[in-house]
1. Would you mind stating whether Glu188 is of a type in the set (Asp, Glu), surrounded by fewer than 21 Cβ atoms within 10 Å (Cβ to Cβ) and assigned to a loop (DSSP other than H, G, I, E, B)?
2. Which one is modelled with the highest pLDDT, of the residues in segment 163-177 that are assigned to a loop (DSSP other than H, G, I, E, B) and surrounded by fewer than 17 Cβ atoms within 10 Å (Cβ to Cβ)?
3. If you check Arg154 against the conditions, is it assigned to a helix (DSSP H, G or I), in contact with a Gly (Cβ under 7 Å, 6 or more places away or on another chain), of a type in the set (Lys, Arg) and in contact (Cβ under 8 Å) with a residue 60 or more places away in the chain?
4. Within segment 124-152, can you find the residues that are small (Gly, Ala, Ser) and surrounded by fewer than 24 Cβ atoms within 10 Å (Cβ to Cβ)?
5. With the requirement that a residue be touching a strand residue (DSSP E or B) at 6+ places or on another chain (Cβ under 9 Å) and without any contact (Cβ under 8 Å) to a residue 40 or more places away in the chain, what does segment 165-185 give you?
6. Any idea how many residues of segment 32-66 are surrounded by fewer than 21 Cβ atoms within 10 Å (Cβ to Cβ) and small (Gly, Ala, Ser)?
7. Only one of (1) crowded, with 22+ Cβ neighbours inside 10 Å; (2) more than 17 Å from the chain's Cα centre (by Cα); (3) closer than 14 Å to Glu57 by Cα is not met by Tyr98, so which one is it?
Amino acid sequence: MFKKLLRRIFRLLLILGLLSVLGLFLNRVILLLYANPRIFTVEEVSFERVAIVFGAEVKRDGTPSTALRDRVETAAALYQAGKVEKLLMSGDNRFVDYNEPEAMRQYAIRLGVPDADIVLDYAGRRTYDTCYRAKQIFEVDSAILVTQGFHLPRALFLCSSFGIKAVGVEADNYYYLKRLRLVWGIRETLATTQALWDVYVARPVPVLGEPQPIFSMTNKSQEKI
């Protein structure tokens with residue numbers, strides 16, 4: 001009798017586990033289907049005044065990682081093609097010795113983007129925060145989102161959820177190892193479910209501050225966290 005009960009419990013746990021995994025992948029598939037018609041190349045995408053460039057890892061010496069260089073290079077290509085007027089570079093700067101937005105700015109300047117057309121968001125600690133702050137702090141109503149293809153569906157969903165009319169351009173100029181792409185894919189599947197939870201249930205409020213509308217700022221002062 002006890003063994004039968006254990007078997008039933010094991011089967012129940014197995015079914016629940018399989019349903020959970022299926023749910024995770026279903027969430028990912030839904031966002032992929034949502035994002036697919038909203039993703040373009042640099043050449044195809046229509047003009048928007050702002051491109052939002054999402055932060056990524058910065059090396060110990062303060063230089064951008066390959067993934068972050070990819071994003072900045074793609075944003076610079078959009079700017080130089082006349083597809084955007086301003087680049088909103090959003091990343092993590094919660095620690096004194098770690099500054100994603102500044103690394104992005106320095107690299108963009110090296111690529112020929114004028115400093116006057118770069119706006120920094122130092123509190124883009126995660127994708128949710130970047131999209132939330134783009135709307136609430138920088139008053140962005142529509143934008144081109146720049147990040148890797150695996151990340152774009154979640155970014156597009158989140159920005160749209162906060163009232164930003166968004167399309168995406170993939171920053172996939174480099175070859176990334178299969179094992180790295182696998183890790184990104186697994187992490188993104190989990191992050192997708194977290195994004196849905198945040199938007200529809202938790203609704204956390206990120207670090208905010210005084211509004212700094214990009215196209216009506218009388219000065220270039222930028223909020224540094």
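The values are calculated or read from the model by the stated rules, or taken from the named source; none is laboratory data. The structure displayed is predicted, hence computed values, not measured ones. Please note: Cβ atoms are built from the backbone with ideal geometry, for glycine as well, and neighbour counts cover all protein chains shown.
1. Judged against the criteria, Glu188 is not a match.
2. Among those residues, the one meeting the criterion is Gly163.
3. Answer is no for this residue.
4. Those that are small (Gly, Ala, Ser) and surrounded by fewer than 24 Cβ atoms within 10 Å (Cβ to Cβ): Ser142, Gly149.
5. Answer for segment 165-185, where residues must be touching a strand residue (DSSP E or B) at 6+ places or on another chain (Cβ under 9 Å) and without any contact (Cβ under 8 Å) to a residue 40 or more places away in the chain: just Lys165.
6. Number satisfying all stated conditions: 3.
7. (1) is the only condition that Tyr98 fails.
Conditions tested, residue by residue: (1) without any contact (Cβ under 8 Å) to a residue 12 or more places away in the chain; (2) part of a loop (DSSP other than H, G, I, E, B); (3) out of contact with any strand residue (DSSP E or B) (no Cβ under 6 Å at 6 or more places or on another chain); (4) not hydroxyl-bearing (Ser, Thr, Tyr).
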| site | (1), (2), (3), (4) |
| --- | --- |
| Arg28 | no, no, yes, yes |
| Pro37 | yes, no, yes, yes |
| Arg60 | yes, yes, yes, yes |
| Ala76 | no, no, yes, yes |
| Lys83 | no, yes, yes, yes |
| Met89 | no, no, no, yes |
| Tyr128 | no, no, yes, no |
